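Reading through the structure tokens given below for one structure.
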């Protein structure tokens, strides 16, 4: 896949590096010659110096051949212009980094396929770290209607040593919740568990649940709240 990224700031460059590792062909566009030089020499992607909302630069960067566009420019108005131009060239897969939520409806009207609010993500992550210190990570899907939790199974957890089937048959296991991933230790590959999978102490699981059941899942698993005192 050829991915064209508008904006070679920290996010644009980090994304370019990640996409390159995943085997994609990547190019960035930025007005900063130093950023473009860094992208070429340090990351190893193509870089085009100029405005990402210039049709001349977009054509030079090969927008007609692009499979996806990432709008990660310095302000939302420029991102909106890039989305509009990308649509005019027939690009349907457009991911935009939103800075100001006031642009949300404009991005939707411009038909961005994915709108990522970095501020909302950061705030949600911090709030979750305060509210649920037991949870290693949490992801929201469908506008927060579904949560995916990464949870540690310590030796004193209620479910340590039990199988997935035993847990599923327990009437106290919260409704509308599923264990969808299992990692026996930090260096192991993530597995899709079955009914015979035993949750060993020191392992990690992925659980899908609804927001209103997060506390119940943590309580059911017997994951203890750890508060560090100084």
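Points to keep in mind about this one:
- Being surrounded by 17 or more Cβ atoms within 10 Å (Cβ to Cβ), out of contact with any helix residue (DSSP H, G or I) (no Cβ under 8 Å at 6 or more places or on another chain) and either under 16 Å from residue 222 (Cβ atoms) or in contact (Cβ under 8 Å) with a residue 24 or more places away in the chain (or both) is a property that residue 179 lacks.
- Of the strands (runs of 3 or more DSSP E) lying entirely inside the stretch 87-155, those containing at least 1 residues that are in contact with a strand residue (DSSP E or B) (Cβ under 8 Å, 6 or more places away or on another chain) and modelled with pLDDT of 75 or more span 94-98, 114-117, 146-153.
- Test result for residue 70, under 24 Å from the mean Cα position of the chain (by Cα), in contact (Cβ under 8 Å) with a residue 40 or more places away in the chain and surrounded by 13 or more Cβ atoms within 10 Å (Cβ to Cβ): yes
- Pairing residues of the stretch 1-25 that are outside the structural domain of residue 76 (by TED's automatic domain parsing) and free of Cβ contacts under 8 Å to residues at least 24 places away in the same chain with residues that are surrounded by fewer than 16 Cβ atoms within 10 Å (Cβ to Cβ) and outside any strand (DSSP E or B), at Cβ distances under 8 Å and at least 6 apart in sequence or on separate chains, gives no pairs at all.
- For the stretch 12-38, a tally of residues being touching a strand residue (DSSP E or B) at 6+ places or on another chain (Cβ under 6 Å) and surrounded by fewer than 16 Cβ atoms within 10 Å (Cβ to Cβ) returns 3.
- For the residues 66, 72, the requirement of being touching a strand residue (DSSP E or B) at 6+ places or on another chain (Cβ under 6 Å) and under 21 Å from residue 100 (Cα atoms) singles out 72.
The values are calculated or read from the model by the stated rules, or taken from the named source; none is laboratory data. Since the structure is predicted, the reported quantities are computational estimates derived from the model, not experimental observations. Glycine gets a Cβ as well: all are built from the backbone with ideal geometry, and neighbour counts include every protein chain shown.
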